[in-house]
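Here is the structure we will look at.
The values are calculated or read from the model by the stated rules, or taken from the named source; none is laboratory data. Remember, it's a predicted structure, so these values are computed and weren't measured experimentally. Here Cβ is always computed from backbone atoms with ideal geometry, including for glycine, and neighbour counts include all displayed protein chains.
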Amino acid sequence: MAKIEIFDTLPSTQSLALARVRSGPDEPGWILAKEQTKGIGRHGKTWIGTKGNFMASRYEVMPVDVRRVPQLSFVTALAVYEMLRPLVPDTDASMRIKWPNDILHRGRKLCGILVQTETLPDPDKLGVVIGIGLNLAAAPIFDDYLTCSLRDISPQARGLNAEAMLHKLNGHLDGVLNLWREKDWSDLAAAWLKRAYGRDRKLSVENEGVTISGRLKGLDDFGALQIAGDDGKLYTITGGDVIYGDKIPV
């Protein structure tokens, strides 16, 4: 069982977990905050840490190639997805994983994931911190995208608090991480694609100054998005804003 530390309030669970992993702990651990004042999102954006929501970061020292680290966003998303399956009605139809790090319910953001690393004195090991923010009790309001909370969509979630959710997630994440270590990545990439947002939509993204249009093909070995272009070429996307257009047959 991973070590669990619970705080009433923190600036950022991610920052404290990064500090913990620098010491080279022997076992994985979790930092959970009931409130977060300076949460870290992707590209340095702020993650609003509202009381009652789930804000936690898992840290671990891993013997992992740094090139494989991006895979952990998708591994974690699969673990969260399966943890939520008993709680979310009609999960397979209503919930999707959006590249690279969001879980959506009917197009509204429910959960975000952030993976960060720390170099360690041992060159064969890497400190890895996985941050997970789940709108458990309340959905923050943003101008550029819609959000939802788990309690809004799941009657069973109304009796859950962040600590109970953490114990559920810890078991699921351990299980999927074991699969990630033992199985071929292509199996997990296929599982992600089955649950991926946009696989039934027209996609477009700007890549090196050129706009690419096509459909979602899957993930490459390092978690980059693969798009089958309308021109018949296969494109690998490592960043940028993907625009999801009209639905097309899967």
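I'd like to check something: does the stretch 151-158 contain any residue that is in contact (Cβ under 8 Å) with a residue 40 or more places away in the chain and touching a Gly at 6+ places or on another chain (Cβ under 8 Å)? Checked the stretch 151-158: no residue is in contact (Cβ under 8 Å) with a residue 40 or more places away in the chain and touching a Gly at 6+ places or on another chain (Cβ under 8 Å).
The numbered conditions (1) at pLDDT below 95; (2) surrounded by 17 or more Cβ atoms within 10 Å (Cβ to Cβ); (3) within 21 Å of V75 (Cβ to Cβ) are all true for L114 except (1). Condition test on G112, is it within 15 Å of Y81 (Cβ to Cβ) and not hydrophobic (A, V, I, L, M, F, W, C)? For G112, the condition - within 15 Å of Y81 (Cβ to Cβ) and not hydrophobic (A, V, I, L, M, F, W, C) - is met. Within the stretch 2-19, residues that are assigned by TED's automatic domain parsing to the domain that holds N170 sit with their Cβ atoms under 7 Å from residues that are surrounded by fewer than 15 Cβ atoms within 10 Å (Cβ to Cβ) and in a strand (DSSP E or B), at 6+ positions apart or across chains, in these pairs: T9/T37; P11/T37; P11/K38; S12/K38. When R195, R158 are screened for being touching a helix residue (DSSP H, G or I) at 6+ places or on another chain (Cβ under 8 Å) and modelled with pLDDT under 95, only R158 passes. Restricting attention to the stretch 105-121, report how many residues are in a strand (DSSP E or B), hydrophobic (A, V, I, L, M, F, W, C) and farther than 17 Å from Q14 by Cβ. Within the stretch 105-121, residues that are in a strand (DSSP E or B), hydrophobic (A, V, I, L, M, F, W, C) and farther than 17 Å from Q14 by Cβ number 1.
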